[in-house]
Structures are given as structure tokens and as C-alpha cells.
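To start, the structure under review is shown below, and the notes come after it.
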Amino acid sequence: ALDKVRGTLGDMSEGELHALRIAVKKLRYGADFFAALWPAQAAHSQRYARGLKGLQEELGILNDLAVASDVRKSLFGHGDPAIADSLRAQLAQLERPAHGSRKRRLRKCERLIDDVLDCAGGWE
């Protein structure tokens, strides 16, 4: 059902993105398992699996960013609100270089979905 989410990732909630990651993971493992049935298309199935793996990883990073945001919100809940806001902002700045922006990650997921869907057409 990747074709149904194409172009809508930016509108999806964190929970929906996490559910998509789980679905992609199942699809990836299924594709790996059934690839042995089509040895003549090994290169094609490997490309498909690589696309799914990349998509799963990107969705995992998006989930990590969402969890980190939740943790930041709860970390400094006690004490002076101004200090807590400052500490949360500083922590967010430290995370950004490691993961990049959510928007950039979502664009990369969209490209990976396109790649996977292009590969999927080879088995019709």
C-alpha cells in the first residue's frame, strides 16, 4: 500500500509514520524471503530490498526524532519554565546535526517510496 501513502507523508502523524515503518519492515522481510523463488530476477529483487531497507531506516530515524522530542518535553518539566525552555532548545540544537530536519527526511522517504514502487512494477 505504499502507493496510497505516496505524497502524504508530511500529513501523517508520528504514530502513522511508525505504523508505516512496521509495515515496510514486514514487506522487506517478506520480499527477502520470497526473492529466492525468482533467482532470474536477483538483481531486481536486491534493488527492491535495498529500497525497502532504506525506507525502513529513514522512517526509524523519524521515529527517533519524535521520541526525542517527547523526551525533551518531559525532561525539564519541573522548575523554572524559562530555564526548561532554554534547555529543551539547546538539546534540540544538539540533535539536529545528527539527524537533519524532519522535512528533509520525509522528502528522502518519498524518493525511496518512488524507487520501491518502480521496482515493484517488475514483478507484475
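The values are calculated or read from the model by the stated rules, or taken from the named source; none is laboratory data. Since we're looking at a predicted model, the values are computed, not measured. Reconstructed Cβ throughout: ideal geometry from the backbone, glycine too, with neighbour counts over all protein chains shown. For the accessible areas, the whole protein counts, side chains as well, though only heavy atoms, and no ligand, DNA or RNA atoms are used. Shrake-Rupley method; radii C 1.70, N 1.55, O 1.52, S 1.80 Å.
Grab the beta carbon distance between ALA40 and LEU117, set R0 = 35 Å, and tell me the FRET efficiency rounded to 0.05. Write out the running numbers ahead of the final one.
Working: r = 21 Å, r/R0 = 0.61.
E(calc), rounded to 0.05, equals 0.95.
Compare PHE33, PHE76 by solvent-accessible area with a 1.4 Å probe and give them largest first, with all protein chains kept in place. Provide the component values of the computation, followed by the final result.
Values: PHE33 145, PHE76 55 Å².
Per-residue accessible area, sorted high to low, gives PHE33, PHE76.
Among GLN56, GLN93, GLN46, whose mean-square fluctuation peaks in a Gaussian network model of the chain (Cα, cutoff 10 Å)?
GLN93
From zero outward in steps of 5 Å, how is the percent of C-alpha pairs of the stretch 21-64 spread across the bins?
Pair shares across the bins are 5, 25, 28, 20, 11, 6, 3, 1.
Treating only the Cβ atoms of Lys and Arg (+1) and Asp and Glu (-1) as charged, compute the dipole magnitude of the chain about its Cα centre; round to the nearest 20 debye. Mind showing how you got there, number by number?
Values: 20 positive and 17 negative charges, 42 e Å.
Once rounded to the nearest 20, the dipole reads 200 debye.
I'm spelling it out carefully: the read-out is P(r) over Cα pairs in 5 Å bins from 0, in percent, the candidates are [x] 2, 10, 18, 19, 14, 12, 9, 6, 4, 3, 2, 1, 0; [y] 2, 13, 26, 29, 21, 7, 1, 0; [z] 2, 11, 22, 22, 17, 12, 7, 4, 2, 0, and one was derived from this structure. Which label?
[x]
Rank LEU62, LEU75, LEU52 by mean-square fluctuation in a GNM of the chain with C-alpha springs under 10 angstrom and give only the top-ranked residue.
LEU75
Could you identify which residue out of GLY51, GLY79, GLY60 has the top mean-square fluctuation in a GNM of the chain using Cα springs shorter than 10 Å?
Greatest mean-square fluctuation among the candidates belongs to GLY79.
Take ARG104 and ALA92, extend 7 Å from each Cα along the Cα→Cβ direction, and tell me the distance between the two endpoints in nm.
1.7 nm
At a Cα cut-off below 12 Å, give the aspartates and glutamates reachable from LYS73, other chains included and same-chain residues fewer than 8 away excluded.
Here the aspartates and glutamates satisfying the reach criterion relative to LYS73 are ASP85.
Give the relative contact order (percent, whole number) for the chain; include only Cα pairs under 8 Å separated by 6+ residues. Kindly include the intermediate steps, with their values, before the conclusion.
Details: 82 pairs, mean separation 47.8, N = 124.
About 39 percent, as a whole number.
Suppose R0 equals 41 Å. What FRET efficiency, 1/(1 + (r/R0)^6) with r the Cβ-Cβ distance, do LEU75 and LYS4 give to the nearest 0.05?
Working: r = 36 Å, r/R0 = 0.89.
The calculated FRET efficiency here is 0.65.
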